[in-house]
Amino acid sequence: PESIAPVFEQSHGVHGTLPGLVSITQCTEGGTLYPLAAIEELADTAHRHDLLLHMDGARFCNALVALDATPAEMSWKAGVDILSLGGVKNGLAYGEVLVVFNPEQVDRVDYRVKQSGQLTSKMRFLSGPWIPFIETHEWHRNALHANAMAKQLEKGLRSIEGIDILLPVESNAVFCSMPESTYPAMLDRGWMFYPFPQMGGYRLMCSWDTEDSDIAAFLDDLRDLSAT
């Protein structure tokens, strides 16, 4: 919250851009989480400055199961005005849902979608899979599984010499460091992951279709390379 006020204090009037919203990512790019109380505090601060609070929820479902919260508790009840609800990273083939909680802000959303090039022909084909995805709680099972796989991966990585966990594993992402020569060697063995310089290491993502055998094989290769 304390980072919001300085934006207004440094304003250059009509010579600068007028802020319109605060955007947060849940889960964050580091795989960590905003607790519900933190979201509420950000929302209160944003609203005091006549800003909207937008939540980038590409991994919204992973955050829900990690915090044991309901969708309502982590969105409109916490003060979120607009939610980008992700489906692709939790098992759907394509499509994201834009949820606007304030009816006063809904009117022009269709036009903004069109202007940004996101209006898809035959939208029902993108929308249809969301119905069973939500009604059968597939989103919950998929997110729960992905988070559990990340914890399993973290546990295995901690047992390998030369590997350090860089951030708390709170969702389905594991950030770790490894010897410089290990990364290209892992790529040579067919593994696909990449450096995250801003975190000082590498990002390992677990998903809805990660299996125990995937984790075991990855750890076996990493142990083998770390021992040479």
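We did not get these values from a lab; they are worked out from the coordinates using the rules stated. Please read all numbers here as calculations on a predicted model, not as lab measurements. Note that each Cβ is placed from the backbone with ideal geometry, even for glycine, and that neighbours are counted across all protein chains shown.
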Separation of the residue 68 and residue 109 label points, Cα + 7 Å toward Cβ, nm | 3.1
Please work out the Cα center distance from the stretch 187-221 to the stretch 91-123, rounded to the nearest Å.
-> 33
From Cα coordinates alone, what are the radius of gyration and Dmax values for the stretch 1-69 in angstrom?
-> 13.9, 45
Counting only C-alpha contacts under 8 Å and six or more residues apart, can you give the relative contact order of the stretch 23-122 as a whole percent?
-> 23
What whole number of Å gives the distance from the Cα centroid of the stretch 156-174 to the Cα centroid of the stretch 35-59?
-> 29
Å³ per residue enclosed by the Cα convex hull of the stretch 114-228 = 155
Calculate how large, on average over all directions, the projected area of the Cα convex hull of the stretch 160-228 is; give the answer in nm² to one decimal.
-> 4.7
Send over the Kirkwood Rh of the chain, from the inverse of the averaged 1/r over different Cα pairs, rounded to one decimal Å.
-> 19.7
How big is the charge dipole of the chain about its Cα centre, in debye rounded to the nearest 20, if each Lys and Arg gets +1 on its Cβ and each Asp and Glu gets -1 on its Cβ?
-> 540
What trypsin sites (Lys or Arg not before Pro) in the stretch 94-178 are in a loop by DSSP, with at most 10 other Cβ atoms within 10 Å of the Cβ?
-> 108, 122
Can you tell me the relative contact order of the chain? Whole percent, Cα pairs under 8 Å, sequence separation 6 or more.
-> 17
Using alpha-carbon pairs under 8 Å, 6+ residues apart, how would you state the relative contact order of the stretch 88-197 in percent?
-> 17
Sequence-distant lysines (8 or more away, or on other chains) whose Cα lies within less than 30 Å of residue 77 | 89, 114, 151
Order of 22-34, 68-80 by packing, highest average Cβ count within 10 Å first?
-> 22-34, 68-80
Have a look at the stretch 154-196 and give its Rg and Dmax from the Cα atoms, expressed in angstrom.
-> 10.7, 29
Computed on Cα atoms, Rg of the stretch 1-125 relative to 2.2 N^0.38 Å comes out at 1.14
Looking only at aspartates and glutamates whose Cα falls under 12 Å of residue 155's and that sit 8 or more positions away or on another chain, we get 164
Per-residue ellipticity at 222 nm attributable to helices in the chain (runs of n ≥ 4 DSSP H, -39500 (n - 2.57) apiece, nearest 500 deg cm²/dmol) works out to -10500 deg cm²/dmol
Exactly which GluC sites (Glu not before Pro) in the stretch 138-211 are in a DSSP loop and have at most 15 other Cβ atoms within 10 Å?
-> 161, 180, 211
Select from 130, 139, 208 the residue whose mean-square fluctuation is largest in a Gaussian network model of the chain (Cα-Cα springs shorter than 10 Å).
-> 130
